[in-house]
1. To the nearest 0.05, what FRET efficiency results for residue 146 and residue 66 with a Förster distance of 25 Å applied to their C-beta separation?
2. Over the Cα atoms of region 97-220, Rg to Rh with Kirkwood Rh, two decimal places?
3. Can you check how the C-alpha radius of gyration of region 32-160 compares to 2.2 N^0.38 Å, as a plain ratio?
4. If you average the alpha carbon positions of region 43-59 and of region 129-159, how far apart do those two centres end up, in angstrom?
5. Looking at the P(r) of the chain, how many percent of alpha-carbon pairs lie beyond 31 Å?
6. Between rounded, prolate and oblate, where does region 1-105 land on the alpha carbon gyration tensor, with a ≥ b ≥ c its root eigenvalues, rounded for a/c under 1.5, else prolate if a/b exceeds b/c?
7. How much mean residue ellipticity at 222 nm does the chain get from its helices, if each DSSP H run of length 4 or more adds -39500 (n - 2.57) and you divide by all residues, to the nearest 500 deg cm²/dmol?
8. Remind me, relative contact order of the chain in percent, using alpha carbon pairs under 8 angstrom and six or more residues apart?
Ligand code: DX5
Ligand code: ZN
């Protein structure tokens with residue numbers, strides 16, 4: 001299981017990113033919010049692209065935005081591994097996933113807590129990752145929704161039944177030491193924000209999510 005650290009993309013980006021760069025976290029999860037798909041707004045791309053100054057980690061970009069095609073072109077120019085946007089958009093989905101692949105990047109679809117997983121079916125051939133939202137998108141620090149454990153299991157079965165068990169499943173929202181046990185057997189990646197960044201020792205929190213504290217003394 002890999003850990004993708006979500007930082008506060010609405011404030012000065014340097015603070016958390018510099019500290020995360022000293023950890024062995026696998027990815028930096030970049031939440032882009034346009035103020036339309038969700039009411040909150042993140043920093044603009046012009047500011048977020050400065051991310052390379054603070055981190056050499058690969059980026060896991062989560063677009064909570066309506067107009068995704070121009071954003072895909074922009075975020076593809078960074079040190080990006082995944083670009084994910086929302087299946088609820090209902091438009092440009094196949095085009096968006098193909099555009100992401102045209103840059104040699106991994107393509108994902110995110111799904112909100114209340115959306116039926118069957119809406120993912122037409123896109124499975126174009127997907128490398130599914131980002132299951134375990135809170136309503138829009139802000140960090142919310143509580144993990146308890147029905148997610150069953151939902152993740154349903155998704156895993158849905159994928160296996162369609163011969164798509166190799167699609168990466170990631171979970172985003174409310175992941176901490178109290179909720180990790182509900183997801184760790186089923187998912188490939190966990191996104192965690194406030195649990196890591198509101199701690200004094202980022203590495204310790206990452207180790208706890210991975211299920212051990214062996215690397216604890218590495219510092220933060
Ligand atoms: C929610 C974002 C999440 C969030 C995670 O809109 O997509 O990535 O920042 O933060 P925590 O782990 O604090 O719920
Ligand atoms: Zn996110």
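Coordinate-derived values only; no laboratory data. All values derive from a computational prediction rather than experimental measurement. Please note: Cβ atoms are built from the backbone with ideal geometry, for glycine as well, and neighbour counts cover all protein chains shown.
1. The pair residue 146/residue 66 has a calculated efficiency of 0.25.
2. Value, to two decimals: 1.00.
3. Its radius of gyration relative to the 2.2 N^0.38 Å reference: 1.05.
4. Going from one Cα centre to the other spans 26 Å.
5. 14
6. Prolate shape, in that a/c is at least 1.5 and a/b is the bigger ratio.
7. Result for the chain, helices only: -7000 deg cm²/dmol.
8. That works out to 20 percent.
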